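Enquirer: First the structure, which I've put down as structure tokens, then a few questions once you've had a look.
The values are calculated or read from the model by the stated rules, or taken from the named source; none is laboratory data. Remember, predicted model here, so these are calculated numbers, not experimental data. Please note: Cβ atoms are built from the backbone with ideal geometry, for glycine as well, and neighbour counts cover all protein chains shown. The accessibility values were calculated without ligands, DNA or RNA, using every heavy atom of the protein model including side chains. Shrake-Rupley method; radii C 1.70, N 1.55, O 1.52, S 1.80 Å.
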Amino acid sequence: MASLSESIEQEVKRRACEAMMDYLKSYQGQVEEAIGEFRHGTHAFYHASAKNVPHWQGEPGKAHEPISGNLRQIEARIDTTADELLHEISREIAQIRRKIEELQ
């Protein structure tokens with residue numbers, strides 16, 4: 001009987017790990033999608049800026065430069081944070097995958 005209950009317990013743990021791994025993979029995809037949307041938005045901003053800013057005179061032209069610089073700094077921080085987050089998610093998925101293998 002102990003063997004059957006141990007088998008059931010292992011199966012429950014394995015399924016819980018698989019569910020957690022599926023959740024993390026989904027989360028990873030959502031993070032990648034959000035970063036892609038952010039990069040698309042910044043690309044559109046830089047493209048529009050390159051096209052229009054040279055024609056701006058006076059205050060609007062001067063005001064754009066610090067905004068663009070701030071965006072580049074924010075973009076770099078977001079990229080770094082996203083890379084770290086995606087790395088941690090991948091590391092966690094690999095850890096769970098190893099645990100599942102141990103439970104089989």
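Enquirer: For residues in segment 12-33 being in contact (Cβ under 8 Å) with a residue 24 or more places away in the chain and open to solvent by less than 80 Å² (accessible area, probe 1.4 Å), which is nearest to ALA94 (Cα to Cα)?
Expert: MET21
Enquirer: Same structure, new question: For segment 38-83, which residues satisfy the criterion of being acidic (Asp, Glu) and either outside any helix (DSSP H, G or I) or surrounded by 10 or more Cβ atoms within 10 Å (Cβ to Cβ) (or both)?
Expert: GLU65, GLU75, ASP79, ASP83
Enquirer: Scan segment 35-87 for residues that are hydroxyl-bearing (Ser, Thr, Tyr) and free of Cβ contacts under 8 Å to residues at least 24 places away in the same chain and jot them down.
Expert: Correct list: TYR46, SER49, SER68, THR80, THR81.
Enquirer: Also: Looking only at segment 88-104, count every residue that is open to solvent by 50 Å² or more (accessible area, probe 1.4 Å) and either in contact (Cβ under 8 Å) with a residue 12 or more places away in the chain or of a type outside the set (Asp, Glu) (or both) and tell me the total.
Expert: 8
Enquirer: Would you point out which residue out of GLY29, GLY36, GLY58 is at positive phi and not hydrophobic (A, V, I, L, M, F, W, C)?
Expert: Exactly one of GLY29, GLY36, GLY58 is at positive phi and not hydrophobic (A, V, I, L, M, F, W, C), namely GLY58.
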